[in-house]
1. Go through A:504, A:490, A:494 for me and flag whichever is in contact with a Gly (Cβ under 6 Å, 6 or more places away or on another chain) and within 8 Å of another protein chain (Cβ to nearest Cβ).
2. Taking segment A:252-293 on its own, how many of its residues are under 18 Å from residue A:339 (Cβ atoms) and either basic (Lys, Arg) or touching a Pro at 6+ places or on another chain (Cβ under 8 Å) (or both)?
3. Among (1) free of Cβ contacts under 8 Å to residues at least 12 places away in the same chain; (2) closer than 16 Å to residue A:49 by Cβ, where does residue A:88 come up short?
4. Taking segment A:499-528, which residues are surrounded by fewer than 16 Cβ atoms within 10 Å (Cβ to Cβ) and modelled with pLDDT under 85?
5. Of (1) within 27 Å of residue A:504 (Cβ to Cβ); (2) at pLDDT 80 or above, residue B:627 satisfies all except one. Which?
6. List the helices (runs of 4 or more DSSP H) that sit entirely inside segment B:87-203 and contain at least 1 residues that are in contact with a Pro (Cβ under 9 Å, 6 or more places away or on another chain), touching a residue at least 40 places away in the same chain (Cβ under 8 Å) and within 14 Å of chain A (Cβ to nearest Cβ).
7. Keeping to segment B:616-644, report how many residues are more than 11 Å from chain A (Cβ to nearest Cβ) and touching an Asp or Glu at 6+ places or on another chain (Cβ under 6 Å).
8. Grab the strands (runs of 3 or more DSSP E) fully contained in segment A:434-521, keeping just those with 3 or more residues being free of Cβ contacts under 8 Å to residues at least 60 places away in the same chain and not aromatic (Phe, Trp, Tyr).
Amino acid sequence: MATVSKRKADSQVPPEESDLLVIRPLGAGQEVGRSCVILEFKGKRIMMDCGIHPGLSGMDALPFVDLIEADEVDLLLVSHFHLDHCGALPWFLQKTTFKGRCFMTHATKAIYRWLLADYIKVSNIGTEQMLYSEADLEASMEKIETINFHEEKEVSGVRFWCYNAGHVLGAAMFMIEIAGVKVLYTGDFSRQEDRHLMAAEIPGVHPDVLIIESTYGTHIHEKREEREARFTGLVHDIVNRGGRCLIPVFALGRAQELLLILDEYWNNHPELHDIPIYYASSLAKKCMAVYQTYVNAMNERIRRQIAISNPFVFKHISNLKSIDHFEDVGPCVVMASPGMMQSGLSRELFESWCTDPKNGVIIAGYCVEGTLAKHILSEPEEITTMTGQKLQLKMSVDYISFSAHTDYQQTSEFIRAMKPPHLILVHGEQNEMGRLKSAIIREYEDDVETNIEVHNPRNTQSVELYFRGEKTAKVMGSLAVDPPQQGHRLSGVLVKRNFSYHLLAPSDLSKYTDMVRSTVSQRLSLHYTGTLQLLHFFLNQLSGDVEAIDIQGKKALKVFRKILVIQGVDMVTLEWNASPVNDMYADAVVTVILKADSAGISTKVIPPIMKLDKMHFTECLMEMLADMFGDEAVSKIVKGDRLFVTVDGKSVSINLRNQEVKCEEDEVLQQMVTTAVTKLYNSLTPVKV
Amino acid sequence: MICFRCVECVNKSRHNSENFELFTLDDVDAAFDKIIQLKYNQSISLKGKGQGISVTPLAAGHMIGGTIWRIIKDGEEDIVYAVDFNHKKERHLNGCVLESVTRPSLLITDAYNAAYNQARRRQRDEQLMTNILQTLRNSGNVLIAVDTAGRVLELAHMLDQLWRNQDSGLMAYSLALLNNVSYNVVEFAKSQVEWMSDKIMRTFEGARNNPFQFKHLQLCHSLPELNRVPDPKVVLASSPDLECGFSRELFIQWCTNPRNSIILTNRTSPGTLGRQLIQNPNQCTVTILVKRRVRLEGAELEDYMRKEKEKELEAAKLKAEKGGDMEDSDSSEDSDIEMEVDIVGKAKHDLMMKTEGKSRGGGFFKQAKKSYPMFPVREEKIKWDDYGEIIRPEDFMILDINPTEDENKENREENDETLQDITEVPTKCVAVSQTLDINASVQFIDFEGRSDAESIKKIISMCKPRRLILVRGSPTAIDSLASYCQNSGLVQGKVFIPKLYEWVDATTESHIYQVKLKDSLVSSLNFARAKEAELAWVDGEIVMVEDEYLIDLEKEELKKEKEEVEEEETGSRELIPTLQPLPTSLVCGHPSMFINELKLSDFKQVLLRNGIQAEFSGGVLYCNSVVAIRKNEAGRINLEGCLCEDYYKVRDLLYEQYAII
C-alpha cells in the first residue's frame, strides 16, 4: 500500500547501495504509547524512541522489538523522557544484544534516571515480570550519550541533530541525514509557546520524510490565554468559596507549567498569599534541580528571567512530603500525582474531599479510559473508593487540557512549512489518525505544486520509499585545474567517506586526506643450484627482455624490468616492489626458476639467446609484401632503413627501425601494411613486456 | 552570557575607581542582542556575501564556552581558528577537540605558551593546597586573583570540593568569592552544566546536586560584605592582573602583612601589576597608583551642581524649541527621576540578592508554611517614602537567619547608605601614588587552563595543518614554534607570522568542481577499505548532461561554482558534468598504490590473531621464524623470506592492511 515509485529491486545490490528506505513502526503505529520507529536506509538502522505501553505490563508493554535484530541497530535516539518514549530503554540497552549508540538531550537524560526509578518503585507487578531493575537503569546511564540542541553528530555516516520540540523540558525532534536523504522525527511536539517552553522550532532544512505525531488528530486547542485565565479563575473561585482545590497531575512535564502559572497568579494577587499551595510529589522535588539547571532548553522569557532570579524557585508553593505532613485546615490548593487518580495521594485527597460542594477538582491532562479521572468527567452521582465504599460526588469537577501536543492547526502549519514529499503519521489512536490523514490529503488536493504522500502504517507494517541515489563527487586538486568539458578524461582515486565522494589525483591524496601512500618491497629466496646462464635462457623464454646486470659484485638478472634475480650460494633471491602485477610476474619467475632447477640441463646445451636479426626481418618482410602485392611492387633496395612498396601507383614507405608505415595517398592501404608489418615483427621478436 | 557578565563587571569595577567612558552598560545590552548563540558542533551557513561558507564552533576547553572556530568553504577548504585552548580535562571542563580536526588547510593558533611548560596539574593543586593551609593556620588571609567568570569557576569548584572534604581541615576557615556579579556568575554556572565536563554532568545526573551549588563558598559583592566573613579566609577576587577591581583593593590592604598570602593564577599581560609580581618574585616594595572615586566637596561640588543645572536648563530649552509642550518636558524630568531611582534600586538589589541566595541554599520550595514574620498588611506593600524608593516586604522576609547576620544587620544598613551615597552624590576620580611594602608571600600558581608548549606541538602534529598562521606570543616563542613546525615537517605549506596590521596572503589555488557519477561507473568500481574511507581507481570521461532533477542543495553549490550562470530560473535546465566510464579499450593502466601506513606492532597483533608466531627482534618482526618484516626510515616496508607457504600467508595478511588500488 505504501510503496512509491516502485523500481525493480535488485537483489544483487548490497544494502548500503540500495535506494530503498524503510520506515517501520514497532510501536505507536495507529496507537498511543510504546513509541518505537525503525528507519532503515543504505544499510544503516536507526531506532527512534523505545517506550512502553502504559496500559499494558511486563513484556506485553514492549514494542515489537522481536521483529528486528537488536545488534543490527546502529543508533537509538530518544525524543523525551515520557514513559511511552523511553520506558523500555533500560531493557533494550541492558537485556538485548544492542551494541549501537544511544543519544538523548541532557535534560532528558537527567530526568529519565529519576522518572524510571520512580516507575520501577510504583509499578506493583511481580518481580519476575519486571522488565528491568534499578541496577539495570543505573547501568544504562553509562550507555546513554547526550546531545545538545542543534549540535550535529555523526555516527558511522549517519548525521543527525535535534531541534526543540516544546513538549516537555528537553523534548527534541531529530533530523537524521543519511546519504543526503533527510528524515525528521518529531516525537511529541507543540508549536505553542507556553510559560517555560518554547514552541517547537521549524527546521531550516526541508526533510524528505516527516514522521509526525497525531495524538490530537484534527482537534483544535483552546487559546493559551483563555485556557490559563479559565484555570486561574477556577482555582480562585474554589479557594474564595473556602474550598480546597485538587489538581491531579503527572509529576513531571505539564505540572511545572501549572506551578509557574499558579506562582505568578499568587504573586499578582496578594489577597491569596495566606492560602497555601502544596505540591505533593517527591519525584518532582527530585527533578526540580534539573528544571533549575537546564533553563537553556527553555524559552526566551525564562532565559531572560534567570538573569534576575530563577523562576523555578517558587515563592508561594511549598512541597508536601506526604499526606502525614498535611494539615487539612481550610482552603488550599494541592497538586498531587498521579494525574489520573488511579491510586496514591491524588486519589486519597479526592476521596476525603469529594463530598464537600465547596471543594473542587481540576483535571488538567489527558485521561485514559477506565481511570477515575475519566469517570468523574461524566459527572456521576457517586463514586467508589479504593476500599469499595460508595461516596457522593459533590465537589465541582472541571477539565482544562494543558496537554502540550500539537493540534490540527499547528500540525497543518508545520507541514506547510516543511512540505515533505512523504508524511508518516505515528503516535495517534487509529480513528484520529485516519481523520488527520484525510484532512491533510484534502488540504493539498487542489495544490498542484505540492505533492504529499501520507502514510499511516500500523505496528510492524513497513513503509517503503525509494530515493534515487544521486552520487556526486567533488573533483579536487590538480585534477580540477581544468574546468570540466565534454570529453575531458579524468583518472584518479575516488575516495568514498560516509556517502560523500572525492576524486583526487594520487599525488594529492596526502594533501587532502589523512591517508598515506606507502611502498612494500619483497625479497624472496629460493633454492637454485644451476647456473645463471641457464636461468637466463629459461627466463628469456618467459620474457624477451632479460638483462644481465651486476649488483655490488653479484651477478643478477632483471626480468620484466621489475624483478631482480640475484644469485647467491645455492640459491637465488628475487627482489621487487609489491604490486598485483609485479607479484604475478614474480610468481611466473619463481615457476621458471623451479623448473630450471629441476630441468638439470647442462650449460653446454643451452641454445644461444635468440636475438632479432635485422637482415632476417627485412628478408621476411620483402617476401611477405611480395606475396601480398606482387613481386614488382616491392623495391629491392633498402634506402637508409626505408623500404618502399608501390601499389597501384601509390607509394608506401616502411621504416624498418620503428616499423612505421607511411602512405600519404591512401589511408586504407597504410593501415593494411601497418598491420602486416607489426604482426610480422611481433612474431619474429622475442616476447617483451 | 558569561561574556556579558564579565564586561559588566569590568565596567563596574572600573567605575568604582576611575572614569570609564569607552562604552556603557546599555551598549553592552545592545551589542548582546546582535549576538547569535550557537551550540558546539552546530554549523551555521552564512548568507549573502558569505554564501558557501559555514562556521562551526568546537569545544576548546580553557573557559566555559571556549571555542575553536572552524570555517569551511564549499565543504572542503577548512580554516581552523584555535587560540587559548586546553586539551587537558579539568574539573569543570572537557578538553578541547582539536585533535579530531585532521588536515585543516589553514590553522590559526597562538604561540602564547610556546616557550612555556607548566608543572603537572597534581603538583599545582598540591602547591595551592599547601599555600592555603599554611597561611590559614598562621591566621593569615589568602587572596587569589582570578577573572570574573571564566577560570574562577574551576578554582571555586575545586576549593569548594576541598572544603567539603572532611580530612582537609579547612572547614574552620572561610572561603569567599568577591566580585561585582558573583551571585550572577554562580547562578549562570549552575544553568550551564550541559557545557561542562562529563564528570560534572554525571554527578549532576546521578546525584542531582548542582556542582555549583556551593556549600562553603560565600558570595560577596563588596568589601564591607567581605569584612563580615570571619578571618582567616580565602578570597577569590577579580581581576587577575591586580590592575582594577577588588583584587587590587585587597592587595593594597593585605600585602603589607607578612602573614597573608597572595596567589596569582594567570600570567596577565606585561606591564600589569600582576605580571610585575610574577616576574620579580623577590620584589619588596611596589609603587602603585591608588585610584579612588570620591565625593565632590566644597567648590568642586558647587561647580558641578552649577554645570548640571545649566545642562538641565539647556536640555529643557532644546525641548521647548523643538515644539514640545510643557507636558513633554515634565515627563522627561520624570524619567530622570525614575532613572535615579532605578540606580538606587539596583545597588540595593545587588545586596539583597545575596541574602535571598543564602536563604535559598537549602531547598527549592518555600520551606515552612507559617514563615511570615509579620502579619501581612496591605498598605505596606507598595510604599513610597520621601526618597522615592520602594520597600518590598519580601526583601525583608528572611527565613533562616544566621545569628551572625542578625548582628550585622545594623551594620549593613549603614553600608547601604554609604553605597547609595556614592551613586547619588556627584563624584570624581582621584589617583594617589603610594608605595607599599610587600611582606605577604606572593606566589604564582598556574591555573590559566591553557595547553603548554609540549602539548601544543603534539596537537599540531596530530592535526597536521597544511598551512599555519601564528599570532600572539613573544617573538622568540613564535619563532621557535614556527621553526619547529617547519623543520619537523609537520606543516607542509607555509608558516605565516604576521605582525600587527600586516596582511597575510594565505590564498590557495583550490580547484574544485562537482561531477555526477553515473551508476554504471559506480557499479564498475572496486572499492578497497582504508581506515574509515573506501578508495577506488576511476578512469572516466566527462559528459555534459542536461538535467532538471536537482536537489536544492546541489543547485546552490553549483551556482557558486559556475559564476557564469547569470540567471537562475527555477526549473531551468543546467549542464551538469557527469562522469561516465571510459570504454575499456581506452583505459591505460595506472601504477597500483598501497594506501595506509602500517604500524608493525599492530601488524604483529594481526599475525598473532591468525595463528602466526610473531616476535620483534632489533626492530625486525619475525614471523614463524621464516619471514622477516622490517620498516626503513622512509617508511618502506620490506618483506623477506624464503619460498614457503608462510611467506604467502604473511604476505596476504600484509596486503589486507592496505587499500590496494
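1. On the way: A:504 fails: within 8 Å of another protein chain (Cβ to nearest Cβ); A:494 fails: in contact with a Gly (Cβ under 6 Å, 6 or more places away or on another chain).
Matching residue, one of A:504, A:490, A:494: A:490.
2. Qualifying residue count, segment A:252-293: 4.
3. (1)
4. Residues satisfying the conditions are A:507, A:514, A:516.
5. Failing condition for residue B:627: (1).
6. Per the criteria, B:182-190.
7. In the first step, residues of segment B:616-644 are kept if they are more than 11 Å from chain A (Cβ to nearest Cβ); the result is B:616-625, B:633.
Going one step further and asking which of them are touching an Asp or Glu at 6+ places or on another chain (Cβ under 6 Å), we end up with B:622, B:624.
Going through segment B:616-644 one residue at a time, the tally reaches 2.
8. A:472-476, A:489-497, A:500-504
The values are calculated or read from the model by the stated rules, or taken from the named source; none is laboratory data. Model, not experiment: these values are computed from the prediction. Ideal geometry is used to build each Cβ from the backbone, glycine not excepted, and the neighbour counts take in all protein chains shown.
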